[in-house]
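Quick notes on the structure that follows.
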Amino acid sequence: MNKYIVIFLISLVFASCKNQSYTPKPQDYVGTWEHDIWINDTTEENEYLGLILRKTDNDTIKGVFYSVIKNGYCHDGSEDFVFSSFLGISDTDGDVNVLGKFINDSLYVTIKGSYGENAYAKAVMYLENDSSLLWKVVAQEGDICVPDNAVLKREIEASQDSVTEAVDTAHVQLKGKLSEYSVYSDETWDDDIDRPIRYISLLKNGKTISKAYFPCLMPIYDLLFLGTVPTDKGFNFSCQYGRSHNQYTQIFIIEYINNDFYLVKTIDYVPSFVPYGQRKSENKLKDPIPFSKLDIAKMMQIYELDD
């Protein structure tokens, strides 16, 4: 069959899904995209697909992929995917396994598998909007593990997401109209529990007005305080605990509301079945908790962690 006819027929697959008010450009595909389905521990419907895409010229894109299907029994792509998302990829990178061309608003890619020279898949992708990427495999050869169909969501780059950018300092001045407030973090030894306790103090004009405590659970949970980050509405602080594939990260979002500071939301990163991967969930509190009454130890997700 003529390749142009094939392209036309594939394009029809996406025609009903296209948002007529949104016309994607090649640079709109650039970024980190993830498709993550987790139902329970046993079903083979669990699957993951991650893509890091970079533009190389006017209509071509290269990238890195990593995928897991059949509940972890079949995985493929670059095992350095997580590190690539932080370090970026270049024309000389040996782990590049995605090559694509932009045609008629869609991106046509060849995915190189890791189970032999002739293992590959061809897929077509279309941006439904700036945050949703439709994926469909149209051909494959050899042993390759990728989902046939998926909807990938854009992941915000760490450099753009102030929530995850912990500041390595004990004393943080807040922003804008909150400049009379600051946050101070430190730890002290508690003889009663024979462990250190981390505390976060909220100061107004240099005077402590309230504190929040949580126990440093080391060495059992290897807890690491990641620091505090000022925001336009207040501040965030985060902690990390666990080891390797059992590592958890929790971010606490504090906002200034009606002349007081409240915990309004937590963002949790918990392990997924993808090796060293994490699933993100945002939990908005129905009833915000005043900072002065915040029991961080009870808010933390405490799990049984393997050594």
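No other residue among V172, V183, V151 is assigned to a strand (DSSP E or B), open to solvent by 30 Å² or more (accessible area, probe 1.4 Å) and at pLDDT 70 or above apart from V151. Out of I289, I209, I257, I220, one residue alone is at pLDDT 90 or above, more than 30 Å from E47 (Cα to Cα) and loosely packed, with under 14 Cβ neighbours inside 10 Å. It is I257.
In this structure, is S21 modelled with pLDDT under 85, surrounded by 13 or more Cβ atoms within 10 Å (Cβ to Cβ) and over 15 Å from W135 (Cα atoms)? Criteria not met by S21.
Which of the residues that make up the stretch 57-76 are touching a Pro at 6+ places or on another chain (Cβ under 9 Å) and at positive phi? Scanning the stretch 57-76 gives a single hit, G72. Restricting the first member to the stretch 178-204 and to residues that are within 25 Å of D232 (Cβ to Cβ) and free of Cβ contacts under 8 Å to residues at least 12 places away in the same chain, and the second to residues that are part of a strand (DSSP E or B) and of a type outside the set (A, V, I, L, M, F, W, C), the beta-carbon pairs closer than 9 Å and six or more apart or on different chains are S179/Q173. All conditions in (1) more than 21 Å from N46 (Cα to Cα); (2) at pLDDT 90 or above; (3) in contact with a Ser or Thr (Cβ under 9 Å, 6 or more places away or on another chain) hold for F65, with the sole exception of (1). Taken over the stretch 97-146, the criterion of being open to solvent by 40 Å² or more (accessible area, probe 1.4 Å), assigned to a loop (DSSP other than H, G, I, E, B) and not polar (S, T, N, Q) is satisfied by D105, Y115, E117, D130, G142, D143.
Look through the stretch 32-74, keep the residues that are outside any strand (DSSP E or B) and of a type in the set (S, T, N, Q), and return whichever of them is surrounded by the most Cβ atoms within 10 Å (Cβ to Cβ). Of everything passing the filter in the stretch 32-74, N46 is surrounded by the most Cβ atoms within 10 Å (Cβ to Cβ).
Taken together, the criteria exclude D192 from residues that are open to solvent by 70 Å² or more (accessible area, probe 1.4 Å), of a type in the set (D, E), assigned to a loop (DSSP other than H, G, I, E, B) and modelled with pLDDT of 85 or more.
The values are calculated or read from the model by the stated rules, or taken from the named source; none is laboratory data. These figures come from a predicted structure and were not determined experimentally. Reconstructed Cβ throughout: ideal geometry from the backbone, glycine too, with neighbour counts over all protein chains shown. These area figures cover heavy atoms from the full protein model, side chains too; ligands, DNA and RNA do not enter into them. Shrake-Rupley method; radii C 1.70, N 1.55, O 1.52, S 1.80 Å.
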